[in-house]
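Worksheet: one structure, shown below.
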Amino acid sequence: MGKKVTVLGEVRDGALRNVSFEGVAAARKIAEDGEVVAVLLGSSVKDLVQEMIVAGADRAVVVEDEQLAGYTSDGYAQAFLAVVEKETPDAIIVGHTALGKDLSPKIASKLNCGLVSDAVGVEVEGGNVVFTRPIYSGKAFEKKIVTDGIIFASIRPNNIPPLERDASRTGEVTEVSAEIKDLRTIVREVAKKATQGVDLSEAKVIVAGGRGVKSEDGFEPLQELADLLGGAVGASRGACDAEYCDYSLQIGQTGKVVTPDLYIACGISGAIQHLAGMSNSKVIVAINKDPEANIFKVADYGIVGDLFEVVPLLVEEFKSLLVEA
Amino acid sequence: MNIFVLLKRTFDTEEKITIAKGAINEDGAEFIINPYDEYAVEEAIQLRDNHGGEVTVVTVGNEEAEKQLRTALAMGADKAVLINTEDDLESGDQFTTAKILAQYLEDKEADIILAGNVAIDSGSGQVGPRVADLLDIPYVTTITKLEISGETVTVVRDVEGDSETIETKLPVLVTAQQGLNEPRYPSLPGIMKAKKKPLEELELDDLDLDEDEVEAKTKVVEIFLPPTKEAGRVLEGELDSQVKELVSLLHKEAKVI
């Protein structure tokens with residue numbers, strides 16, 4: 001029997017994040033021949049619902065309120081729970097993003113249900129919805145099911161492929177009103193530190209620098225390569241500790257966990273803590289002067305050499321490839 | 001201030017993971033305080049030193065977690081509580097742990113509860129917010145700065161690299177992100193003192209909890225290791241031709257560009 005699955009679309013800077021569409025794909029799988037209902041929360045998000053339907057949702061529910069302009073756990077939980085009460089879904093999918101990580105345990109607690117966090121895969125096997133998720137920083141994986149109540153999972157960005165967009169799809173959009181009140185946390189200020197442009201956790205290509213980058217300026221060729229490939233720049237803890245870049249770029253056990261299609265590690269030795277943040281990338285390229293560097297053990301392709309020679313050459317080579325294409 | 005820290009005993013970061021009988025093999029492994037919980041312990045000690053009061057560290061686990069509790073006491077916490085579920089529970093999940101912790105904390109009149117934002121073993125990050133919800137207090141996750149003035153709490157929160165400054169009121173639960181502080185190492189006198197500090201051991205019965213009330217709502221059906229990666233190709237030849245080859249491989253073989 002098909003299930004009704006609600007999936008939270010996450011809006012940032014006026015646009016839906018990719019993980020929302022990946023969530024629709026996960027929901028579609030769980031729903032089988034049931035129904036996928038997109039949920040959007042915010043102060044002005046109605047214009048975005050069609051994107052969720054094009055991505056595979058059957059219809060959408062919107063909660064709009066001035067108090068939802070910025071995220072608070074209280075406000076978003078009240079709004080989302082109002083939708084859950086109305087829709088009584090069999091399953092809920094959210095992104096395992098800063099917002100999803102903060103919100104999902106509260107909703108699970110309110111609904112007195114289980115929650116599978118940080119899922120990287122979902123399958124329906126013998127009537128059970130089975131989620132795959134990394135444990136021990138990706139050194140192992142577990143398959144997990146929800147045994148009681150609503151099936152609830154947060155999914156890691158960049159792992160479950162979105163469905164093909166179908167611009168001809170249409171779906172009903174309804175509004176749910178929720179009483180948003182007694183917000184106990186107030187956001188006073190937001191300081192944007194993360195690099196503008198491509199979001200590290202959702203980037204398809206990441207060019208990362210380590211201690212070998214040697215200085216803040218040393219990141220420039222890496223940025224050039226990342227820009228060329230439509231990717232983002234990341235860093236090892238070593239580079240952050242040495243103050244070559246901001247901690248917001250850090251990839252690793254402490255820091256971000258990323259799974260891009262292509263990860264280019266430049267001057268990164270490959271400490272186990274760093275590998276925990278990137279070893280599940282689809283293709284890894286290592287560029288390092290030290291042929292014994294640990295990073296070569298996880299790399300698909302390696303070049304032993306000085307990154308300041310290799311990266312500019314790569315930029316030129318990719319440029320000519322992109323011109324041909 | 002009445003300060004509580006939620007602490008978890010975890011595998012050491014550097015341990016190699018193997019599987020035996022369908023579970024993670026713990027034989028001979030080193031265990032530590034979950035690194036994010038260490039930030040919470042450190043922050044709690046600093047809060048007490050600045051505002052007065054008492055720091056109690058609490059864990060749910062078995063008696064082996066006593067070692068990590070003693071470490072927290074040696075760092076400077078005042079009291080420790082081990083909620084030992086070994087005899088009562090075969091397995092649990094984040095719902096289980098949160099329910100037990102909340103039941104313990106319910107009548108403790110905590111001003112602030114600190115925890116790590118995620119445990120490096122199971123990696124869910126659920127227990128902190130779940131406990132806050134069960135206690136009906138506000139929470140802020142992944143914090144990198146904490147200031148308390150009277151009842152007002154100002155925290156800076158890491159949001160995927162951006163920083164949000166958030167204001168809330170006591171009582172509150174916060175979860176620590178890297179960058180909050182530099183956890184101290186236990187000093188030798190600290191280790192000596194820790195041996196005499198109170199460590200209370202409780203079971204579910206002591207909290208008036210039945211096993212059914214904390215029964216897990218999720219179940220692990222399989223644990224497996226990622227497929228071992230074949231050794232990669234280190235390219236050879238002139239640097240120019242290596243770069244050409246790499247771009248061609250990424251384009252034609254790996255098809256990522």
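Values in this text are rule-based calculations from the coordinates and carry no lab data. If you're wondering where the values come from, they're calculated on a predicted model, not measured in any experiment. Backbone-built Cβ (ideal geometry, glycine too); neighbour counts: all protein chains shown.
Calculate the length of the line joining the C-alpha centroid of the range B:2-51 to that of the range A:212-279, in whole Å. The range B:2-51 and the range A:212-279 have Cα centres spaced 26 Å from each other.
Close amide-amide hydrogen proximity is noted between B:Val153 and B:Thr168, B:Lys169, B:Leu170, each under 5 Å apart and 5 or more residues distant or on a separate chain (H modeled in the peptide plane; Pro and chain starts excluded). With Cα atoms defining each centre, the range A:1-67 and the range A:289-308 are spaced 42 Å apart in the structure. Legend: mean number of C-beta atoms from other chains within 10 angstrom of residue C-beta atoms, peptide A:236-243, equals 0.
Between helix A:18-31 and chain A there is an angle of about 50 degrees, using the helix long axis and the longest principal axis of the Cα atoms. Averaged over peptide A:129-138, the number of partner chain Cβ atoms lying within 10 Å of each residue's Cβ comes to 4. Averaged over the residues of A:142-151, the number of partner chain Cβ atoms lying within 10 Å of the residue Cβ comes to 5. Please work out the Cα center distance from the range A:134-167 to the range B:145-161, rounded to the nearest Å. If you average the Cα positions of each part, the centres end up 31 Å apart. Site pair A:Leu321 and B:Gln46 shows an inter-label distance of 4.5 nm when each label is modelled 7 Å from Cα along Cα→Cβ. Modelled spin labels at A:Glu66 and B:Thr165, positioned 7 Å past Cα toward Cβ, are 2.3 nm from each other. In a simple Cβ point-charge model (Lys, Arg +1; Asp, Glu -1; nothing else charged), the protein assembly as shown has a dipole of about 840 debye relative to its Cα centre.
As a ratio to 2.2 N^0.38 Å, the alpha-carbon radius of gyration for chain B is 1.21. Distances between placed amide hydrogens fall under 5 Å for A:Arg59 paired with A:Val36, A:Ala38, all partners being 5 or more residues away or on another chain. With 10 Å bins beginning at zero, the pair-distance distribution over Cα atoms of the range A:118-169 amounts to 21, 45, 26, 7, 1 %. Cross-link candidates for B:Lys255: which lysines have Cα within less than 24 Å, leaving aside residues fewer than 8 places away along the same chain? Partners within reach: A:Lys204, A:Lys282, A:Lys297, A:Lys319, B:Lys229, B:Lys244. Coordinate range of the alpha-carbon atoms in the range A:176-325 per principal axis, descending: 59, 37, 28 Å. The trypsin sites (Lys or Arg not before Pro) of the range B:156-257 meeting both criteria, a DSSP state outside H, G, I, E and B (loop) and at most 14 other C-beta atoms within 10 angstrom of the site's C-beta, are B:Lys195, B:Lys196, B:Lys229, B:Lys255. A cut-off of 5 Å between modelled amide H atoms, ignoring neighbours fewer than 5 places along the same chain, links B:Val118 with no other residue. Whole-Hz Karplus values for the range B:173-188 come out as 10, 10, 10, 7, 10, 4, x, 5, 6, 10, x, 7, 8, x, 7, 4 Hz, taken residue by residue from phi with 6.51 cos²θ - 1.76 cosθ + 1.60 and θ = phi - 60°; glycine and proline positions read x. Largest GNM mean-square fluctuation among B:Gly123, B:Gly237, B:Gly28, using chain B with Cα springs under 10 Å: B:Gly237. Using only Cα coordinates, the Kirkwood hydrodynamic radius of the range A:137-250 works out to 18.7 Å. By the Stokes-Einstein formula, at 1.306 mPa s and 10 °C, the range A:1-46 with its Kirkwood radius over alpha-carbon pairs has D equal to 145 µm²/s.
Placing R0 at 51 angstrom, the Cβ-Cβ distance between A:Lys193 and A:Glu164 gives a FRET efficiency of 0.90 after rounding to 0.05. Give me the percent of DSSP beta bridges within chain B that run antiparallel, rounded to the nearest 5. The antiparallel proportion sits near 40 percent. If each Cα of the range A:146-198 is one equal point scatterer, what is log10 of I(q)/I(0) from the Debye formula at q = 0.17, 0.20, 0.32 Å⁻¹? Log10 of I(q)/I(0), two decimals: -1.33, -1.15, -1.22.
Do any of A:Lys3/B:Lys99; A:Lys139/B:Lys8; A:Lys29/A:Lys143 go past 22 Å between their Cα atoms, and which? Exceeds cut-off: A:Lys3/B:Lys99. The overall shape of the protein assembly as shown is oblate: from the C-alpha gyration tensor, with semi-axes ordered a ≥ b ≥ c, the ratio a/c is 1.5 or greater and a/b is no larger than b/c.
Percent of C-alpha pairs per 10 Å bin in the range B:101-140, short distances first: 28, 55, 17, 0. With the highest mean first, a sort of the peptides B:204-210, B:95-101, A:35-41, B:245-251 on other beta-carbon atoms found within 10 angstrom per residue produces A:35-41, B:95-101, B:245-251, B:204-210. One quarter of the convex hull surface built on the alpha carbon atoms of chain A amounts to 18.0 nm², the projected area averaged over directions. Here the Debye sum runs over all C-alpha atoms of the range A:21-137 as equal scatterers in vacuum, and log10 of I(q)/I(0) at q = 0.11, 0.18, 0.23 Å⁻¹ comes out as -0.37, -1.03, -1.61.
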